[in-house]
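Here is the structure we will look at.
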Amino acid sequence: MPQPTLLDAGPAPGGPPPTARRSDLVLPGVTLLTFVIVAVLVLVPLGFLLVKTFTVDGSFSLAAFADTVNYPGFGAALWTTVVFAVLATVIALVTGSTTAFVLVRTDVPARRALSLVVLVPLILPSVLYAMAWVFLASPRIGLLEHFLGWTALDVYSVGGMALVQGLAMAPLAHLAFAGTFTSMDPSLEEAARVGGASAVRTFRRVTLPLARPALLSTTVLCFTLAVEGFEIPILLGLPNKQFTLTTLIYQAIGEYPPDYGVAGAISTMLVVALALVILAQNRAMRATRSFQTISAKGHSARRLSLGAWRWPVCALTWAYVGVIVVAPVVMLAYASTQTFYRPPSWESLATASLDSYRAAAGTRDFADAAINSVLLSVVVASALMFLMSVVAWIRVRSGLRLAWVVESIATVPLVVPGLILGVALLTVYVNADIGVYGGLGILVIAYMTRYMPFGVRYAQNAMYQIDDHLEESARVSGASRWRAFVRVLVPLMRPGLVAGWIFIAIVSFRDLSTPVLLYSSDSKVFPVLVLEKWQNGALSEAATMGMMLVLFLLVVGALAAVPLRRSGGVRL
């Protein structure tokens, strides 16, 4: 039986009348255009980056890599990146898995409240989380040293950076392990207890091995996020000359003249390394079928009774929440009420006011950055979710032989950190004079490329839930393929598309690593403005704008729950 081609989008057999056949040409045209747009957004900048990295005067060359190896600080940055990523991953795994087990599998009091509060760091952009920890643990202005004289924690060291990064990633680990502990068959643990194993031995020999898939995937996720992390290393590492590979890329681009060769070589190394890590994870995950414990037989996990330890464990959990959530947010809020930052005291509390909020909101920089950020978020989320809904249709419903190609291309940016994507786009649009560099156009391209993998996942998951017969019924009733897609599939996909739209709008609004190399004075976005204020020494003003960003994200998140709840869709 011949395979359908790219332009084979004719009417269903015995389906619509001849009047609908002309409009059937619309969807094949949209399909072909989608292939082109996705390929241009993803392959052109990455391909141009590879060409610029591996060629000199049109000939193949490894000179950029040789220059990189000899670049000042490269060896130290490579070592710092590895140590930083490993430590941060361990911290995230230990804290995330511990809180997940305590809140899911034990009878600790106040579980529901704690389960919500431990996720608060997900709302805070990394740049603000790093700022808050400077206010807490800086050797000069930190609350810990000022009041307690405690100098054991230096946030400007590699260990301090790793601690902040690990605590910022802990909620992600918590979510992964919480899902695993919730769905785990308790009969296996009960069998071990009946066999005489203690609770500790059961946890070590049964519970943890059963959680191996979550442990593996979460380890790779946290390690990848730490390696490509930019916000925390640039705020906490640069003051003490602790470079990671991402901040070294930033330095290479920022010097005059910009060293695109070194930046491209480091970027290529990082992308290849992260791709290999993810491939290794996928290969290892194939061996996890022996750890499947969910079957057709229903079960509910029995909570471990802590007995006399219930309240001590509860107190320790709240103390952990105080460290990772309450203290950073309180310090950020306090700093935003000061005209000039100084450690908390009765005198400084007496002079606290909200004047800084009114002053910040009245500045031209604030207004321009806020408008740019909102405009970009709305445009990028809307355009990307529509484009990815077409990609999802191509992959799930079209039956095209090469449908997997467009999906594969759309997921490539998953292994490309935002800073490296910025380097790739710079190598293209600095040389190609098409009117997007220096304006919002290049940021739209950057955000759409960066968040394309998330958009396609939301759209595909939504389309997989729709029965094929609904689209076929529309076709039999005379609708063209394009009309069936727009009038039947898209409305039914609305909960997933709305969830994807909200996610992309929020993460693009708070993203710093993607626009930090691409913005201009006319296209400055909110996170970049916060970073500029911080680097210029305006700590209180940066904290004020940071708190306004957090409040905005909280409001958007609260409003986002309304359409999702009404549509019965996925809740964020």
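Once amide H atoms are placed 1.01 Å from N in the peptide plane, what residues at a sequence separation of 5 or more from residue 56, or on another chain, have their amide H within under 5 Å of its amide H?
61
Return the sequence-ordered ³J(HN,Hα) values of region 69-85 in whole Hz as given by the Karplus equation 6.51 cos²θ - 1.76 cosθ + 1.60 applied to θ = phi - 60°, using x for Gly and Pro.
With coefficients 6.51, -1.76 and 1.60, one gets 4, 8, 5, x, x, 5, x, 5, 5, 4, 5, 4, 4, 5, 4, 4, 5 Hz.
Based on alpha-carbon centroids, what's the gap between region 337-379 and region 537-553 in Å, whole number please?
5 Å
What nm distance separates the two modelled labels at residue 470 and residue 273, each placed 7 Å from Cα along Cα→Cβ?
In this crude spin-label approximation the distance works out to 4.5 nm.
In terms of modelled amide H atoms, which long-range or inter-chain residues lie less than 5 Å from the amide H of residue 304?
So residue 304 has HN proximity to 106, 107.
None of the figures in this text is laboratory data; all of them are computed from the coordinates on show. Bear in mind the structure is a predicted one, so any value in this text is a computation, not a measurement. So basically every Cβ, Gly included, is an ideal-geometry build from the backbone, and we count neighbours across all protein chains shown.
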